[in-house]
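The values are calculated or read from the model by the stated rules, or taken from the named source; none is laboratory data. Keep in mind that this is a model prediction, so the values were computed, not measured. Note: ideal-geometry Cβ built from the backbone for every residue, glycine included; neighbour counts use all protein chains shown. These area figures cover heavy atoms from the full protein model, side chains too; ligands, DNA and RNA do not enter into them. Shrake-Rupley method; radii C 1.70, N 1.55, O 1.52, S 1.80 Å.
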Amino acid sequence: MTAFAKTRHMAKSIAFIMAFSAWANTLAIDCAWAATPNLSKPAMVDPVTGRKKLILCLGGGGTRGAAHVGVLRQLEKEHIKIDGVVGTSIGALIGGLYCAGMTPDEIETLLLDKSIIRSYLTVPLTFRLAVAPVMWIPHLFGHHPYDGLYRGNEFANFINKKVAKIEQNRENQALNVEDLPIKFEAVCCDLLSAAPVAICKGNLGRAIQASSAIPFLRRPVLMTRDNFTRLPGKKGDDQKDCYLFVDGGPQANLPVLQARALADHMGGAMVLAVDVYGDTEKWSQSHFRKIGSSAERSLEIILSSVEKKDLEKADMVIYPEVSGINLLSTDTKDAERAIKAGDAAGLKSIVALQKGLTTPQHTVGELP
């Protein structure tokens, strides 16, 4: 590894651990329609297929989350209908694109040609960190934007432009989440209440922008509480009744509770969760002589512990083998490896999933 690459890796690790390490983990479910789940309700089945409805829960994990593409591809190959997707961060990105009509192969292309990461990190992170002190100059003249190295508007616009080109969205020119062909929710953390919130309406690109706004790295996204409309964040907006959204990772990196709420709202659907963090892998002492390794490990521990407490609410959990892939790796080989791991895990889950979809009662299970 070159000196520059080491510096870049350390910068990424430091940025993320600074962002996440001080956060407490509280639980809540918030959405425009959310209510107390009725767990006694019998599961509704599709009158044509005779199966229960399926809600896919896609967790955050940066480049590791490319595995979600492989899982989606395997479900499609087996003609398993997905009735809803609830995702956090990269899970919201891939889930949102899929619910808008993009195929797993098309999403894979966007990941491997790096167009997504270029829209997310419009300027290399190491350069942005180097010039960070300059970004404080506007504060000297009374301009106080929200904290963060990147605004994220280009990322939202990139998503909207891609989705707008899909034929089936001609009737959804506003690209509203509530009008997508498949039910979709992007889970964020509200800085004002310290609670997770599932965005279930409003503009798709903005919803994904908010769900993946990593603190310190990206500026939080201000949205109205009634319909999730983005506000510019001017000083006058501070007096309005709003959410201030960042990445949902610290509260619901694997948004099982939000997926469970949607499943119950839809009549007792089955929840399949895809966890790209799972149990923390075992590392040796020598590993921690690498630059940025302590911060990377700490972040892994935080996200893994956030996920564990809610897993029992899922009907099935699968774990693609993505250990060792850095959160914001820009190496195409890492993305390819994650996608292949998703394909393998998805294929392995098919038999158990088909059984779960046709079994009258929920059966909690997990697949490695």
Worksheet item: Quick check, is Ala345 open to solvent by less than 20 Å² (accessible area, probe 1.4 Å), part of a helix (DSSP H, G or I), out of contact with any Phe, Trp or Tyr (no Cβ under 6 Å at 6 or more places or on another chain) and on the phi < 0 side of the Ramachandran plot?
Response: yes
Fill in: Any chance Glu167 is surrounded by fewer than 20 Cβ atoms within 10 Å (Cβ to Cβ), within 29 Å of Lys340 (Cβ to Cβ), out of contact with any Ser or Thr (no Cβ under 6 Å at 6 or more places or on another chain) and at pLDDT 75 or above
no
Worksheet entry | In the stretch 33-86, the residues that are modelled with pLDDT under 95, surrounded by 24 or more Cβ atoms within 10 Å (Cβ to Cβ) and closer than 16 Å to Leu357 by Cα | Lys52
Item to complete: Pairs only if they're at least six apart or on different chains, beta carbon under 9 angstrom, first in the stretch 294-312 and more than 18 Å from Gly324 (Cα to Cα) and modelled with pLDDT of 70 or more, second in a helix (DSSP H, G or I) and of a type in the set (Gly, Ala, Ser); list them, first residue then second.
Response: Asp310/Ala252
Discussion item. Go through the stretch 211-249 and report how many residues are outside any loop (DSSP other than H, G, I, E, B), buried (at least 24 other Cβ atoms within 10 Å of the Cβ) and of a type outside the set (Ser, Thr, Tyr).
Written reply: 7
Practice prompt. Considering every residue within the stretch 251-265, establish whether at least one is open to solvent by 10 Å² or more (accessible area, probe 1.4 Å), within 21 Å of Phe158 (Cβ to Cβ) and in a helix (DSSP H, G or I).
Written response: no
Fill in: Selection count, the stretch 170-201, where residues are free of Cβ contacts under 8 Å to residues at least 60 places away in the same chain and open to solvent by 70 Å² or more (accessible area, probe 1.4 Å)
7
